[in-house]
Amino acid sequence: MSKVLMKGNEAIGEGAIRAGCRHFFGYPITPQSELPHYLAKRMPEVGGVFLQAESETSSINMVYGAAGAGFRTMTSSSSPGLSLMQEGISYLVGAELPCVVVNVMRGGPGLGNIAPAQGDYFQAVKGGGHGDYKLVVLAPASVQEIIDMMQVAFDLADQYRTPVMLVGDGILGQMMEPVELADEVTLPEVPAKPWAASGLKGRKKPNIVNSLYIVPEDCEELNQRLFAKYDVIAAQETRWEEYRLEDAEIVLTGFGTAARIAKSVVDKARSEGIKAGLIRPITLWPFPSEVYAKAAAHANKFLCVEMSMGQMVEDVRLAVNGKKPVHFYGRSGGMVPLAKDVLAEVKKLMAGGE
Amino acid sequence: MAKVIFKRPDSLTDKQFHYCPGCTHGIIHRLVAEVIDEMGLQDDTVGVCPVGCSVFAYDYFNVDMFQASHGRAPAVATGIKRCLPERTVFTYQGDGDLASIGTAEIVHAAARSEKITTIFVNNAVYGMTGGQMAPTTLPGQKTTTSPRGREKELNGLPVRVSEMLATLDGAVYVARVSVHDPKHIVQAKKAIRKAFEIQKAGLGFALVEVLSTCPTNWGLSPKESIKWLAENMIPYYPLGVFKEPAEVK
């Protein structure tokens, strides 16, 4: 193992290469630019392809082609680019193609700005494109976690034949942290893909990559098959981090950068005698609802911290299901919550005695 | 002993076409399949079909197939070809798909000189959705969304895709053909074959535009449609080879 200093965006790229991804398609957008810069250099070194597409619409459809041909493939963008990709993501889901899509989120709506934000939570976990579907959504909170999670992302995509989304924000993408990297990379084993449309090569029956089910009964069957798969994913792949939760009276929660801020607030609050704890969802879908339900048995209140006007808080409220009050503190449009402001909110809530 | 002198190409399945009577999609499908057969490519060809009348082409071509979202077939084909450079990859697209919603994708696939073959079927109208005006609809042509005939002031004038793409250095072979009579069908097949040969030779992007009929949405009989194509489409969309690399001339 060796320790290197790496930017989050570069870690996404290196993680992808170590996970066996050799085909990247993308379109320039800030604040994820270091990722395509890194892969434009690295991909040819490992015999891979880095291709700059004419738009995000095209990138995601190139991914559709590469994934359907049976290859580990990915694209990445930031918020407005993800809006453009939603049609393609829906097709990838419909055709049950594995791939990884990265969103390094920035301030919105509209052109917004290039500052870090988490306003695409709904888009990521509630569908985003047309039709009934879910994506597996991973939310790392450190550069090390990014690099480890890229492997998980590709593995889950292949195992369940589904697009997997990894969400970060401008801070996670831009900041540098030391990461442990294995010196020798052994390429992971990729499951066989007998469904891939890559030329008959002796096979009798053609493979067809398709999301058209013209007969409603057949299309309903696709939806039911997808949701049966989602049940398995929810049962087996839900991931989260708990921190000082056992005796917590107030439970802070958030994901990604917001969770790091909340975690530091937990320590500060504890040092001032407030029993605070943290739940950090690592998979935003499937959402770790049961952890909240369990915590609601002993905690008095929840505080959801987000870099948005309040999106994940809706899932927290569904999980707590009215048992305890769920409060919200957020900054949006590229503004980042300050630990001191979150701490003040915690103190205010604790003084309120709810 | 009976001798087989005419049969279905191996690269077509035995599934019955859903196309309307007098539509020339069937002829064009057959030409593409014959070329794939004759070049011995059935085993390593991957096709990409569009959204539009030929959306079900994956049921007809007896090769591995993709169904792409509207207009995006050239991007999907790019993804496939960049993973499988040794395979033969083709897109089959109509004029709504390629010349309207998919203009960015076809222009940039050509500009990058992707080593793919595009069969572009131009019948001057949206078929599947009910006969709406296409970018290729002729001036004055009546459609369900140009009920007074296509008006220059309101809708502009048609896009000549082959001429436009031929201006790109990356488009190495561009030809426009028609399938309205046997002589032209023979010429169309030669162009389609050349477009596949160029891909096999690794020379770059090749496109064949095929003028086609739509009796249903033109409101004409199959016989009248053939005549209408010859008399109205060919004058606006002249047949010929617009680009051809020296290697295959």
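The values are calculated or read from the model by the stated rules, or taken from the named source; none is laboratory data. All values reported here derive from a predicted model rather than from experimental measurement. All Cβ positions, even for glycine, are placed from backbone atoms using ideal geometry, and neighbour counts span all protein chains on display.
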Count - residues of region B:69-85 that are facing chain A (nearest Cβ under 7 Å), outside any helix (DSSP H, G or I) and over 12 Å from B:Val46 (Cα atoms): 2
Options B:Val107, B:Val46, B:Val4: the member that is among the hydrophobic types (A, V, I, L, M, F, W, C) and either surrounded by 24 or more Cβ atoms within 10 Å (Cβ to Cβ) or at the interface with chain A (Cβ under 7 Å from one of its Cβ atoms) (or both): B:Val46
Of all residues in region A:279-289 being outside any loop (DSSP other than H, G, I, E, B) and touching a residue at least 40 places away in the same chain (Cβ under 8 Å), the one that is surrounded by the most Cβ atoms within 10 Å (Cβ to Cβ): A:Pro281
Matching entry among A:Ala295, A:Ala262, A:Ala276 (being in contact with a Gly (Cβ under 6 Å, 6 or more places away or on another chain) and touching a residue at least 40 places away in the same chain (Cβ under 8 Å)): A:Ala262
Selection from region B:112-132 of residues that are surrounded by 24 or more Cβ atoms within 10 Å (Cβ to Cβ) and aliphatic (A, V, I, L, M): B:Ile116, B:Ile119, B:Val121, B:Ala124, B:Val125
Top-ranked residue in region B:21-43 [being away from every other protein chain (no Cβ under 14 Å) and among the small types (Gly, Ala, Ser); ranked as nearest to A:Leu92 (Cα to Cα)]: B:Gly26
Whichever residue in region A:40-60 is assigned to a helix (DSSP H, G or I) and away from every other protein chain (no Cβ under 14 Å) and, among such residues, is surrounded by the fewest Cβ atoms within 10 Å (Cβ to Cβ): A:Glu45
Exclusive hit being part of a helix (DSSP H, G or I), of a type in the set (A, V, I, L, M) and within 19 Å of the chain's Cα centre (by Cα), set A:Ala269, A:Ala319, A:Ala259: A:Ala259
Hits in region B:53-67 - residues which are facing chain A (nearest Cβ under 7 Å) and not acidic (Asp, Glu): B:Val55, B:Tyr58, B:Asn62, B:Val63, B:Met65, B:Phe66, B:Gln67
All helices (runs of 4 or more DSSP H) inside region B:134-249 with 3 or more residues being closer than 20 Å to B:Cys20 by Cα: B:215-218, B:222-228
Residue match in region A:72-89 (condition: farther than 26 Å from A:Met175 by Cα, surrounded by fewer than 21 Cβ atoms within 10 Å (Cβ to Cβ), assigned by TED's automatic domain parsing to the domain that holds A:Glu220 and in contact with a Gly (Cβ under 7 Å, 6 or more places away or on another chain)): yes
Selection count, region A:171-193, where residues are part of a loop (DSSP other than H, G, I, E, B), loosely packed, with under 15 Cβ neighbours inside 10 Å and touching a residue at least 12 places away in the same chain (Cβ under 8 Å): 6
Subset of region A:61-85 (residues that are more than 8 Å from chain B (Cβ to nearest Cβ), part of a helix (DSSP H, G or I), hydrophobic (A, V, I, L, M, F, W, C) and touching a strand residue (DSSP E or B) at 6+ places or on another chain (Cβ under 7 Å)): A:Leu82, A:Met85
Among the residues listed as B:Thr91, B:Thr144, the single one being of a type in the set (Val, Ile, Thr) and surrounded by fewer than 23 Cβ atoms within 10 Å (Cβ to Cβ): B:Thr144
Complete set of residues in region A:86-132 that are within 14 Å of another protein chain (Cβ to nearest Cβ) and in a helix (DSSP H, G or I): A:Gln86, A:Glu87, A:Gly88, A:Ile89, A:Ser90, A:Tyr91, A:Leu92, A:Val93, A:Gly94
